[in-house]
Amino acid sequence: MLIRPKAGILDPQGQAVQRALPALGFDGVANVHVGRLVELDVEDPEQLPAMCERLLANPLIEDYEIIEQA
Amino acid sequence: MKFGVIRFPGTCDDVDAQLAAARVGEAELLWHRDRDLKGVDAVIVPGGFSYGDYLRAGAIARFAPVMESVVEFAREGGLVLGICNGFQILCESGLLPGALLVNNHLKFVFRQVQLDVVDHNTPFTRTCPPTLSIPVKHTTGRYYAPEPVQVVLRYAPGHNPNGSQDDIAGVVNNAGNVFGLMPHPEHAVDALTGSTDGLAIFESIRAAVSERIPVA
Amino acid sequence: MSSTDAQPRYRELGLTDHEYELIVTGLGREPGDVELAMLSLMWSEHCAYKHSKKLLSRLPTTGRHVLVGPGENAGAVDVGDGMAIAFKVESHNHPSAVEPFQGAATGVGGILRDIFAVGARPIAVLDSLRFGEVATSQRSRYLLEHAVAGIGHYGNSIGVPTIGGEIYFEPSYEQNCLINAMAVGLAPHARLTSAAAAGPGNLLILFGALTGRDGIGGASVLASAELTDADDSKRPTVQIGDPFAEKKLLECSLELLDAGLLASLQDLGAAGLTSSASEMASKGDVGLDLDVGKVPLREADMEPFEIMVSESQERMLCVVEPHLADQVLAVCEKWEVTATVIGKVTDTHSFRVFKNGELVGELPVPLLVDDCPLYDLEPEAPATTLYVGGEQQVATDADPATTLRALLQSANIASRRVVFEQYDPVVQSRTVCRPEQADAAVLALPVLAAGTGAGGAPIPGIAVSIDGNGRRVAVDPRAGAAEVVYECAANLACTGAEPLGLTNCLNFGNPEKPHVAWQLSEAIDGLAQACRDLDVPVVGGNVSLYNESPDGPILPTPVIGMVGRLPDVRRAGRIGFANPGDRIALVGSFNPSRDGSELAKLHGSAPAGALPDKDVSAIRAAHDRVRQGVRDREFSSAHDIAEGGILVAIAECCIAGGVGAIINLPAGLDPFGEDLGTAFIVSGPTEGLDGLTIIGAVGGRELNVQGLLNVPLSELADLHAAGLSTLLS
């Protein structure tokens, strides 16, 4: 599961990275957001959205994306 | 009256909250695995780093057995005070609106701040003076709520330590019986530490409880 | 024994040919893999102190307040009412240079474990930090920011207040930052616990975090090798700290001790199980059987030697009588701490390591712990200073106001607020004086609760200070090291506290080099002398050697942490001038000079020359006078004159109090010279300053020094506030 700050929520970590990259010579960087990755093995992938809604993400401030690998 | 102070693994300010509450009433610690609130009149969810603040501050603590009882206690009108990590837990558990985000400067901040009490009509602030000097200490204290909320405390102009929306430092739920704040009133109860302003919040709770539940 | 193409394995592990011969002789055979790994760690500088142990025996370690001296995880002093204070300072320099956040965090975690391993609840953390010049070095800014964040992360999260510290910036620390952390704990005398394993047949229980490949090779590689450009190869050995795990471990350990369930307790630090278990066996004069197959692992495929040397954090080892084992495991379960019986105490004096019942190593405990050769140093005083001066930042003929401004905003003197705002100083409800309020942090011994000090009864407390000054020790290692002790005691005197004991961390370069050996030897002699002068014993400490880069050694940096007692924290002295109209007095025999001073540095001078001669009886008298004046409330404020000299000290009193002063300095007194630990600025009503040299009065909005300068207080405060914070933003 990829969890990232909702669009429009101030993301100071993303901003800090966005400021740091040009200082290292990486120009043309925009829209940096820092989220987190939760990896798990699950028997029933149907449960994943509920896991995100209830624990892994806070829907008020975070979006999540479920990426399944067989 | 009796306060119950919840202790999760990783809670740090539990004993401080207990000591502060004990200045106005009785106070005992409630273990996170126990569902029994032991007949307390008010619950304090104290500060610290419950479950290491892993995943998100407060995200795991809200599922502790004791929190089920706290949610029920709050639904029945019981007074619940969440301080710092406790505020985060109350937001995560849905007892309070909004969420706490990482400070705009990304760092932990300890600072004695001035607070404006903007609502005295709550069980938590009825005996408070117009302003309070109370320390904050947190990394994740920037309050955010997409909808209007009932604000009780604001950081005084120039005192917002974390980029909180509209200088919000503390809010109550619609029913008015659940209060969360980022500043630590339990660390402003003794003149030797520089301020006794936090005591007014504990005294307000005592006053509210004593009115509601007549002494037998 | 397998060997690589290049050299025998024992050399790669840091053992010399001579040491290896001693091992083979002592063992009567070649050691196996597991045994060699264990020996190489126990015979490393870090564990065996082989280049410093002989010198350390010169330090006085006994005194009327000492309950536990050097040798245990932390020393302890009596603070009255049946309570003890355990404290220790330790370095985590090399790990922090590699990964500053985790290095500093695990440094705090390690020193906290030392404190609760002796049965004390940690009540305070302090830190002493050294970096290169943050004004010009991006690397040093990076190290500072991450080290500070790491210290805060650990201390804040575990609920122990960080109440004080010190930071200095000098070019010689550019490649070798110093991260020294000190922890202070409180215990009833009866709970003070030894690490000595006792009772053959008793069980060895490992509890806490899982064991992984953290820090493997760390103790011998990181502690004994000079850092070079190839540091990235050391990155895999960095340990990761988990304050949440340690918080549970702390509560669990103290509950086990309170319930009387443990025969002995030890933390796992450098060299992991090897060091912890063999030291327990050595102290208890017993043997141990330990099965690495029983150790809970984070990575399943670890070799026995890896398990024995792993430096995974947040682990403890205890000895338990067999009939109490179930109760111990139950307490651990309550705190969600993994606990496993991994071995037992034997009466063999042999440390035997098994893997699932099969013997994989067997070493005599004395060979591991006691038989590492101790080396004599070959000290030789250098003909000239080993260090160069920096860039000149202030003209030598600048006017006094310009010089004062430059000093107040210099990185070494400016406000540390930007740093200490990242630490929680108030958790646990004992903190009476926070950083910048007093020269030493002050904690109440009873927690501040409703009935504390009822009816005006005194609230006893402790004051804690940590200090070091590499530049002055470089000028004269003997006098400079002594000065650090005097200054620490002066800090305590300003709060009204009397010293009970001290802990030291000796940060030096490579002792195999004669000039560094001379610095170390001289500094230890200076420390020993100052300890005797002030009757303050050393109760524990740590040595960090080989702090060198290709540019040379660090400034010799003995760091002293001192604990004192004050009878009533309500009377704790503060820095800031409090009342307009109070007189200002100079206390002490103040004999300032410029060599090794902050101003000499701003002038671009190398740390060289001579330090002022000290009159020990005058120092003792001045400390007594200040301590008593504070306790009797004769003084409204007290502050020792330290770096930057008397005008900087007075400016700091003005800034802290938010009020100006009018000063008339004694004729001929150097306003910027230094003589640390000898003299004080106090203020108060005239009648309380009897016999002291009155030099001015509190009041106004300026610092007005007759004939020298007149500067608005607001300007001085702004410079002081911004000096360091602007360099870091």
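Helix C:17-27 versus the longest principal axis of chain C: what angle, 0 to 90°, nearest 10, using Cα atoms?
Roughly 50 degrees, rounded to the nearest 10.
Report the paramagnetic label zone for residue C:323: residues of the stretch C:181-199 whose backbone N is under 19 Å from a point 7 Å from Cα along the Cα-to-Cβ axis.
Once the point is set 7 Å along Cα→Cβ of residue C:323, C:198-199 turn out to lie under 19 Å by backbone N, inside the stretch C:181-199.
Would you please give the residues with an amide H less than 5 Å from that of residue C:186, counting only those at least 5 places away or on a separate chain, with H modeled from the backbone geometry?
C:86, C:121, C:123
In the protein assembly as shown, if the dipole is taken from +1 on Lys/Arg beta carbons and -1 on Asp/Glu beta carbons about the Cα centre, which of C:365, C:389, C:464 is farthest to the positive end?
C:464
Only residues of the stretch A:31-60 count here: report those whose backbone N is under 12 Å from the spot 7 Å along Cα→Cβ of residue A:18, or say none.
A:31-34
Could you give the angle, 0 to 90 degrees to the nearest 10, between helix C:646-657's Cα long axis and the longest principal axis of the Cα atoms of chain C?
The angle comes out at about 90 degrees.
Hey, which of these cross-link pairs are over 27 Å Cα-Cα: B:137/C:248; C:54/C:283; C:53/C:355; C:50/C:614; C:54/C:88; C:50/C:294? Walk me through the numbers on the way to the answer.
On the way: B:137/C:248 21 Å; C:54/C:283 20 Å; C:53/C:355 34 Å; C:50/C:614 33 Å; C:54/C:88 20 Å; C:50/C:294 33 Å.
C:53/C:355; C:50/C:614; C:50/C:294, as the Cα separations exceed 27 Å there.
State the extension gain, in nm to one decimal, for the chain segment bounded by residue C:380 and residue C:402, taking 0.36 nm per residue of separation less the distance between their alpha-carbons.
Length gained between residue C:380 and residue C:402: 3.9 nm.
Which whole-Hz ³J(HN,Hα) couplings does the stretch C:712-721 yield from phi under the Karplus relation 6.51 cos²θ - 1.76 cosθ + 1.60, θ = phi - 60°, glycine and proline marked x?
Along the stretch C:712-721, the couplings run x, 4, 4, 5, 5, 5, 5, 4, 5, 5 Hz.
Tell me, what is the FRET efficiency for residue C:693 and residue C:189 to the nearest 0.05, using R0 = 35 angstrom and their Cβ-Cβ distance as r?
0.20
Let me spell out the model: positive unit charges on the Cβ of Lys and Arg, negative unit charges on the Cβ of Asp and Glu, origin at the Cα centre of chain C. What dipole size does that give, in debye rounded to 20?
Result for chain C is approximately 1700 debye, rounded to the nearest 20.
Please report how far the C-alpha centroid of the stretch B:96-113 lies from that of the stretch B:170-189, rounded to the nearest whole angstrom.
Each part's Cα centre sits 15 Å from the other's.
Quick one: if you stick a label point 7 Å off each Cα along the C-beta vector at residue C:392 and residue B:207, how many nm between them?
Rounded to a tenth, the inter-label distance reads 6.7 nm.
Order B:119-127, B:94-102 from most to least packed using the mean count of other Cβ atoms within 10 Å.
B:94-102, B:119-127
Would you kindly calculate the mean projected area, averaged across all directions, of the convex hull enclosing the Cα atoms of the stretch C:413-572, in square nanometres? Mind dumping the intermediate values first?
Numbers: hull surface 42.8 nm².
With every direction weighted equally, the projected area is 10.7 nm².
Is the stretch B:2-212 rounded, prolate or oblate when judged by the Cα gyration tensor, a ≥ b ≥ c being the square roots of its eigenvalues, rounded requiring a/c under 1.5 and prolate requiring a/b larger than b/c?
rounded
Sorted by packing (mean other beta-carbon atoms within 10 Å per residue), highest first, where do C:415-421, B:103-109, C:498-504 land?
Listed from highest to lowest mean packing, they are C:498-504, C:415-421, B:103-109.
Sort C:335, B:31 so the one with the fewest other Cβ atoms within 10 Å of its own Cβ comes first.
Ordered by Cβ neighbours within 10 Å, fewest first: B:31, C:335.
Need the full-extension length gain, residue C:300 to residue C:701, defined as separation in residues times 0.36 nm minus the C-alpha distance. One decimal, nm.
137.5 nm
What ranking of C:255, C:362 emerges when the number of other C-beta atoms within 10 Å of each C-beta is taken as an exposure proxy, fewest first?
Final ranking by Cβ density, sparse to dense: C:255, C:362.
Could you work out [θ]222 nm for chain B from helices alone, using -39500 (n - 2.57) per DSSP H run of at least four and dividing by all its residues? Round to the nearest 500 deg cm²/dmol.
Helices in chain B give a 222 nm mean residue ellipticity of -5500 deg cm²/dmol.
Residue farthest toward the positive end of the dipole of chain C, with Cβ of Lys/Arg at +1 and Asp/Glu at -1: which of C:423, C:107, C:175?
Value computed over the given set: C:423.
Averaged over its residues, how many other protein chain Cβ atoms are within 10 Å of peptide A:55-63's Cβ atoms?
Numbers: counts 7, 3, 3, 10, 1, 10, 9, 3, 0.
Per residue, the number of nearby Cβ atoms from other chains is 5 on average.
So what's the gap between the Cα centers of the stretch A:55-70 and the stretch C:52-120, to the nearest angstrom?
45
Take the Cβ-Cβ distance between residue C:255 and residue B:72 as r, set R0 to 35 Å, and report the resulting FRET efficiency rounded to the nearest 0.05.
The calculated FRET efficiency here is 0.75.
Could you go through the stretch B:115-121 in sequence order and give the Karplus-derived ³J(HN,Hα) for each residue, using 6.51 cos²θ - 1.76 cosθ + 1.60 with θ = phi - 60°, rounded to whole Hz, and x for Gly and Pro?
Per-residue couplings from phi come out as 10, 9, 7, 9, 9, 8, 8 Hz.
What's the average, rounded to a whole number, of partner chain beta-carbon atoms within 10 Å of each residue's beta-carbon in B:188-200?
4
Counting only helical runs of four or more DSSP H residues, what would the 222 nm mean residue ellipticity of chain C come to if each run contributes -39,500 (n - 2.57) and the total is spread over all its residues?
-9500 deg cm²/dmol
Just to confirm the number: angle between the C-alpha axis of helix C:33-42 and the first principal axis of chain C, 0 to 90 degrees, nearest 10?
20
Can you sort C:546, A:64 by how many other beta carbons sit within 10 Å, fewest first?
Sorted ascending by nearby Cβ count, the order is A:64, C:546.
How many angstrom separate the Cα center of the stretch C:242-316 from the Cα center of the stretch C:683-729?
Value for the Cα centre distance between the two parts: 52 Å.
Say R0 is 51 Å: what FRET efficiency, to the nearest 0.05, do residue C:347 and residue C:535 get from their beta-carbon distance?
After rounding, the FRET efficiency stands at 0.75.
Roughly how crowded by other chains is peptide C:424-437, in terms of the mean Cβ count from those chains within 10 Å of each of its Cβ atoms?
Numbers: counts 11, 5, 12, 11, 6, 13, 3, 4, 4, 3, 5, 1, 0, 1.
Counting Cβ atoms of other protein chains within 10 Å of each residue's Cβ and averaging gives 6.
Need one number: nm distance between label points at residue C:359 and residue C:210, each 7 Å from Cα along Cα→Cβ, rounded to one decimal.
Modelled inter-label distance: 3.2 nm.
All of the numbers you see were taken from the coordinates with simple rules; none came from a lab. Since the model is a prediction, treat every value here as computed from it, not as a measurement. Virtual Cβ from ideal backbone geometry, glycine too; neighbours counted across all protein chains shown.
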